[in-house]
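Engineer: Quick one: structure below, then a few questions.
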Amino acid sequence: MSHAPLPTGPSNRTGPVATSVPRTGTAPGSAGTATGRSGTALVTGASSGIGAVIARRLAAEGGWRLVLNGRDVTRLEQVAAQIDALAVPADLTRPGAERLLTDAVLDHAEHLDLLVASAGLGWAGDFAAMPHARIDEIVGVDLLATVHLVRALLPHMVAAGTGRIVLIGSVAGSVAVRGEAVYSAAKAALAAFADALRYEVRHTGVGVSLVIPGAVDTPFFARRGAPYTRSWPRPVPPERVADAVCAAVRQGKDEVYVPGWLRYPALVRGAAPGLYRRLAARFG
């Protein structure tokens, strides 16, 4: 199956997009992994941050044929070259990009066993001062691009009767964070999407996991335009998130918080919302 070049985002390269060629002998099912799975895995947001670390972790596990997606062509190709993965640059907020990426994955392998949707953007500041374009960008990248990609890939997974979708959420979507209204809303919607989709595909052989990190030590905060200034909780290394993804795949977990204690504020908010709001208003 042939397809047109995928629409990409800003890059400091010109000319045709080069891709890395995966090593031979890593066809789906050819090797076991420490995650308990093997096959073809697609990781979005893989040009840096959490996505790049997850891609490297899956490569280290062995047995995975990796396809990496991101908007930065040069950085994506660098990550792919390090782990012998296929780089497929694309801006998934562009109309039709999810279908072209699906075609590229299925051209590369007969089916997809694992999708890790980790692409995301943030923005911090008063909502009243937030530019309209940034609202659209946050919702587009953090929610809509993932929903459209899952919609394109899911029928193929269901037809195969196997696979796992891992969505990278945020504790901001569980408890809401001051100064991150739109980001919190997008991640909350992603969590609801994960729950609803899990119920829908329950008997199909396809699983849905939501990994919910707190602050993670990546360039995310620099790129959102405001550094992370809280003294507590301290950011965790992105390797902790990669560990959680592997645990979700290996154990078929529906939901994993990183670090694990973050589930307790979410439980308090659900069980006693009035008390939680008073505490949040006082302590931020």
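The values are calculated or read from the model by the stated rules, or taken from the named source; none is laboratory data. Note that the coordinates shown come from a computational prediction; the quantities given were computed from them, not determined experimentally. Quick reminder, even Gly has a Cβ in these numbers, built from the backbone with ideal geometry, and neighbours come from all protein chains shown. We work out accessible area using only protein heavy atoms, side chains counted, and drop any ligands, DNA or RNA first. Shrake-Rupley method; radii C 1.70, N 1.55, O 1.52, S 1.80 Å.
Engineer: Of all residues in the range 82-99, which are outside any loop (DSSP other than H, G, I, E, B) and farther than 20 Å from Gly51 by Cα?
Structural biologist: Going residue by residue through the range 82-99, those that are outside any loop (DSSP other than H, G, I, E, B) are 82-83, 86-87, 97-99.
Hit for the range 82-99 is Arg99, nothing else.
Residues are listed down the side, and each one gets a yes or a no for (1) open to solvent by 30 Å² or more (accessible area, probe 1.4 Å); (2) touching a Lys or Arg at 6+ places or on another chain (Cβ under 7 Å); (3) modelled with pLDDT of 95 or more:
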{"residue": "Gly29", "(1), (2), (3)": "yes, no, no"}
{"residue": "Val43", "(1), (2), (3)": "no, no, yes"}
{"residue": "Gly49", "(1), (2), (3)": "no, no, no"}
{"residue": "Ile54", "(1), (2), (3)": "no, no, yes"}
{"residue": "Gly63", "(1), (2), (3)": "no, no, no"}
{"residue": "Val67", "(1), (2), (3)": "no, no, yes"}
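Engineer: Before we move on, is Val88 modelled with pLDDT of 95 or more, over 26 Å from Gly252 (Cβ atoms) and in contact with a Ser or Thr (Cβ under 6 Å, 6 or more places away or on another chain)?
Structural biologist: No: the conditions fail for Val88.
Engineer: Determine, yes or no, whether Gly120 is part of a loop (DSSP other than H, G, I, E, B) and touching a strand residue (DSSP E or B) at 6+ places or on another chain (Cβ under 9 Å).
Structural biologist: Values: part of a loop (DSSP other than H, G, I, E, B): yes; touching a strand residue (DSSP E or B) at 6+ places or on another chain (Cβ under 9 Å): yes.
Considered against the rule, which asks whether it is part of a loop (DSSP other than H, G, I, E, B) and touching a strand residue (DSSP E or B) at 6+ places or on another chain (Cβ under 9 Å), Gly120 comes out as yes.
Engineer: When the residues of the range 140-197 are narrowed to those that are out of contact with any helix residue (DSSP H, G or I) (no Cβ under 8 Å at 6 or more places or on another chain), assigned to a helix (DSSP H, G or I) and of a type in the set (Val, Ile, Thr), which ends up surrounded by the fewest Cβ atoms within 10 Å (Cβ to Cβ)?
Structural biologist: Val158
Engineer: Residue by residue through the range 198-211, note down the ones that are surrounded by 18 or more Cβ atoms within 10 Å (Cβ to Cβ) and over 14 Å from Gly161 (Cα atoms).
Structural biologist: Filtering the range 198-211 down to residues surrounded by 18 or more Cβ atoms within 10 Å (Cβ to Cβ) leaves 206-211.
The answer is Ser209, Leu210, Val211.
Engineer: Cβ-Cβ under 7 Å, sequence separation 6+ or interchain: first residue in the range 82-106 and closer than 23 Å to Val139 by Cβ, partner surrounded by 17 or more Cβ atoms within 10 Å (Cβ to Cβ) and among the acidic types (Asp, Glu). Which pairs?
Structural biologist: As it stands, the answer is Leu92/Glu98; Ala97/Asp91, since those pairs meet every condition given.
Engineer: Please state which of the following conditions Leu115 fails to meet, knowing it meets all the rest: (1) open to solvent by 10 Å² or more (accessible area, probe 1.4 Å); (2) in contact with a strand residue (DSSP E or B) (Cβ under 7 Å, 6 or more places away or on another chain); (3) of a type outside the set (Gly, Ala, Ser); (4) not in a helix (DSSP H, G or I).
Structural biologist: (1)
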